[in-house]
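As structure tokens, the structure follows; a few thoughts come after it.
The values are calculated or read from the model by the stated rules, or taken from the named source; none is laboratory data. Please read all numbers here as calculations on a predicted model, not as lab measurements. Heads up, the Cβs are rebuilt from the backbone with ideal geometry, glycines too, and the neighbour counts pull from every protein chain shown. Only protein heavy atoms, including side chains, enter the accessible area calculation; ligands, DNA and RNA are left aside. Shrake-Rupley method; radii C 1.70, N 1.55, O 1.52, S 1.80 Å.
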Amino acid sequence: MHCAVLTFGLRLMLIAALVGIVFTAHSSVTDTTHASSNSQPKREVHALWAHPPSIGTNVEAVRKFVDQCKRANIDTIVILAKGAQGELYWKSKRFPQAIAKGFENFDFLENLTSEAHAQGIKIDAWLCDFIEGVDGAAYREHPEWAQINPDGGTTATEKLGHTKPYGYVWMCPAQRPGYVDQWLIPMFEEVATSYPVDSVHHDYVRYPGDVAPDGYCFCDYCLAHMPKYAMLSYQTRPAERYRVKFAQPRIEANWWSDPTMLPADWDQMDRREKADFLLNGRTVPGGPPDMRYFFYDYRLHQIKNYVRELATHVRHVNPKVAISAAVFKNPVLSGRFIGQRWNEWTPWIDVFMPMTYRSHFAGSFESYLDHLTETTARQIEWVNHERPIYAGIATTYLYREELQPIDDIRERVTEMKLLAPDDSRGRAEKARAIKLGFETMRKHLAEVSPDAEREIGSLVLTVTANDGRDVTPAALESLAARISRFRSDLPAGYFPREKTLAVN
Ligand SMILES: [Zn+2]
């Protein structure tokens with residue numbers, strides 16, 4: 001079975017804050033431009049997702065980045081073109097108001113594409129679809145395009161975790177005219193016609209799922225169209241109601257008697273009441289509360305319909321441009337939670353890049369390898385072997401064991417700073433945890449960087465001596481600063497190579 005191959009240096013990942021590596025797991029990749037000289041289709045692809053702000057806004061920085069990719073055997077750079085705040089990294093003529101700050105005078109996409117092509121590397125322009133910034137141009141100019149929850153709020157009113165404001169506004173995929181046809185599709189068209197990119201890449205091609213998965217969209221448009229989509233009542237003779245004929249003893253078995261499902265007082269209901277009916281109502285009175293089946297189906301339809309429309313438009317304006325998508329690892333599960341049943345999109349997506357990050361699995365590194373293998377095999381079945389699957393691996397998560405002790409020390413130091421002066425018990429507890437964190441990484445650290453081991457070791461000792469009783473703010477500050485510097489510039493070899501080297 002295939003294993004992930006990571007050939008680029010760790011330093012590269014750190015400098016450019018890159019995420020990901022992908023490889024193929026498909027037996028009939030038709031992309032012959034990547035074929036090796038023996039004319040066998042290439043079965044393995046190396047790609048990465050990259051963010052322009054971590055690369056730079058001048059020709060030299062872009063060239064340096066492309067050189068690094070070349071040395072790392074990267075075939076495709078999936079470059080962020082429209083970020084999660086709605087900001088653009090190309091010099092858009094149609095949406096100049098959305099261009100990212102700092103990128104107004106440097107056409108990043110143009111520069112990267114020409115440098116990459118000169119090195120034989122493909123460019124996949126990555127657009128975040130339905131997520132926008134609270135201060136982004138789309139929401140500022142068209143607040144009416146946002147997704148709305150049963151209380152009438154946008155996703156920006158949600159909390160991430162228990163307190164943190166969510167900070168993003170998701171746009172409604174259903175409204176026409178709306179965000180899809182007035183904003184998103186024209187953006188993809190502009191990229192596909194103004195730049196010689198090899199492909200365009202969907203991301204966030206779904207409903208919001210990290211906050212309130214079942215909360216969207218109940219905008220006026222969706223409230224009007226959901227019942228229409230599922231034909232919960234007839235548009236003609238809407239006032240006539242048809243009752244269930246209970247001919248069968250099993251209540252649900254009477255669904256075929258064509259009952260009117262929409263309540264008679266639908267028009268008088270407010271948003272919350274309508275949403276409650278669409279989520280918790282019953283198809284057949286007395287039957288199970290199954291109405292949300294239609295809600296899920298409506299959402300699946302909206303996302304799939306958008307994927308289809310986008311492909312039609314992009315292929316019309318530039319038939320040479322391929323289309324790829326970053327998707328969740330399990331299309332059956334993501335169909336239910338975020339409207340993303342991506343295995344049904346094979347006519348409109350040329351390459352799937354599931355986010356099979358280790359952070360989406362429980363267990364050890366070894367468990368991850370097994371689950372990744374199993375999941376990738378299942379994904380190939382889900383798409384019926386019709387399209388290549390590139391397994392997306394967020395490399396940072398591969399090193400949970402190596403990074404955890406550093407993060408633990410950092411967090412405990414921060415907590416220790418906040419303790420009351422007389423809290424000696426709390427101080428002792430934090431001191432023990434810091435000591436333990438350091439012990440966990442010490443041996444490995446001594447092997448790869450004896451200097452760092454000595455320096456950090458002595459700072460840890462100062463902070464934790466005597467159960468932390470004598471600790472000074474200056475000592476905590478020094479340890480925090482040193483650990484932070486260490487974390488952002490890890491010594492070569494700190495990440496064990498065997499985690500990312502290929503085995504067949
Ligand atoms: Zn809507």
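Here the gap between Lys64 and Ser367, fully extended at 0.36 nm per residue and compared with their Cα-Cα distance, gives a gain of 105.4 nm.
Using the Karplus relation 6.51 cos²θ - 1.76 cosθ + 1.60 with θ = phi - 60°, the per-residue 3J(HN,Hα) values for the range 223-228 come to 4, 7, 8, 4, x, 5 Hz, with x marking Gly and Pro.
Which of the peptides 121-131, 409-419 is most tightly packed, and how do the rest follow, judged by the mean count of other Cβ atoms within 10 Å per residue? Mind dumping the intermediate values first?
Details: 121-131: 23.4, 409-419: 17.8.
Most protected by this proxy first, the peptides run 121-131, 409-419.
Label zone of Phe246 (point 7 Å out along Cα→Cβ, amide N under 15 Å): in the range 284-320 this covers 284-288. P(r) for the range 159-313, from all Cα pairs and a bin width of 10 Å, is 9, 31, 29, 19, 9, 2, 0 %, short bins first. The convex hull defined by the C-alpha atoms of the range 302-374 has an orientation-averaged projected area of 5.6 nm².
Roughly how many Å² is the accessible area per residue of the range 382-504, as a whole number, for a 1.4 Å probe? Could the numbers behind the result be given before it?
Numbers: 6710 Å² over 123 residues.
Dividing the accessible area of the range 382-504 by its residue count gives 55 Å².
Here the chain has 52 percent of its accessible surface on carbon and sulfur atoms, given a 1.4 Å probe and all protein chains in place.
Listed by chain and number, the lysines whose alpha-carbon sits under 17 Å from that of Lys228, ignoring those within fewer than 8 places in the same chain, are Lys274.
Pairs of Cα atoms nearer than 8 Å and 6+ residues apart set the relative contact order; for the chain it is 14 percent.
Would you kindly calculate the mean projected area, averaged across all directions, of the convex hull enclosing the Cα atoms of the range 142-202, in square nanometres? Could the numbers behind the result be given before it?
Numbers: hull surface 23.1 nm².
Its Cα hull, projected and averaged over all orientations, spans 5.8 nm².
Over the range 448-504, the alpha carbon radius of gyration divided by the compact-protein estimate 2.2 N^0.38 Å works out to 1.50.
Hey, what's the per residue convex hull volume over the C-alpha atoms of the range 342-405, in cubic angstrom?
On the way: hull volume 4.7 nm³, N = 64.
Spelled out: Cα convex hull of the range 342-405, divided by residues, is 74 Å³.
Within the range 361-504, the ratio Rg/Rh, alpha carbon atoms throughout and Rh by Kirkwood, equals 1.14. Starting from the Cα of Lys435, draw a straight line to each of the lysines and keep only those under 25 Å, dropping any in the same chain fewer than 8 residues away. Cross-link targets: Lys417, Lys443. The convex hull built on the alpha-carbon positions of the chain has an orientation-averaged projected area of 29.8 nm². Within straight-line reach of Lys93, meaning a Cα separation under 16 Å, sit the following lysines at least 8 residues removed in sequence or on another chain: Lys82, Lys101.
For the range 318-408, with only Lys/Arg (+1) and Asp/Glu (-1) charged at the beta-carbon, what is the dipole magnitude about the Cα centre, in debye rounded to 20? It would help to have the intermediate numbers written out before the result.
Values: 8 positive and 11 negative charges, 96 e Å.
Roughly 460 debye for the range 318-408.
Each of the peptides 61-71, 215-225, 485-495 was scored by the mean count of other Cβ atoms within 10 Å over its residues; in descending order, highest first, they stand as 215-225, 61-71, 485-495. Comparing Cα centroids, the range 238-284 and the range 447-493 end up 65 angstrom apart.
Amide hydrogen proximity for Ile323: with H placed 1.01 Å from N in the peptide plane, the residues at 5 or more positions away or on another chain lying under 5 Å are Val200, Asp350, Val351. The value given for the range 60-195 is a Kirkwood hydrodynamic radius of 16.3 Å, derived from the mean inverse Cα-Cα separation.
Whole number in Å², please: accessible area per residue of the range 94-160, 1.4 Å probe, ligands, DNA and RNA not counted. It would help to have the intermediate numbers written out before the result.
Working: 2750 Å² over 67 residues.
Roughly 41 Å² per residue, with all protein chains present.
For the range 404-417, backbone phi angles converted through the Karplus equation (6.51, -1.76, 1.60; θ = phi - 60°) give residue-by-residue couplings of 4, x, 5, 5, 4, 4, 4, 5, 5, 4, 4, 5, 5, 4 Hz, Gly and Pro being listed as x. Per residue, the solvent-accessible area of the range 260-363 (1.4 Å probe, heavy atoms of protein chains only, all protein chains present) comes to 43 Å². Across the range 119-250, Cα-Cα pairs more than 17 Å apart make up 68 percent of the total. Our summary gives the range 401-495 a relative contact order of 34 percent, counting only alpha carbon pairs under 8 angstrom and 6 or more residues apart. Within the range 292-431, all pairs of alpha-carbon atoms sorted by distance into 10 Å bins from zero give the percentages 11, 28, 24, 16, 12, 7, 2, 0.
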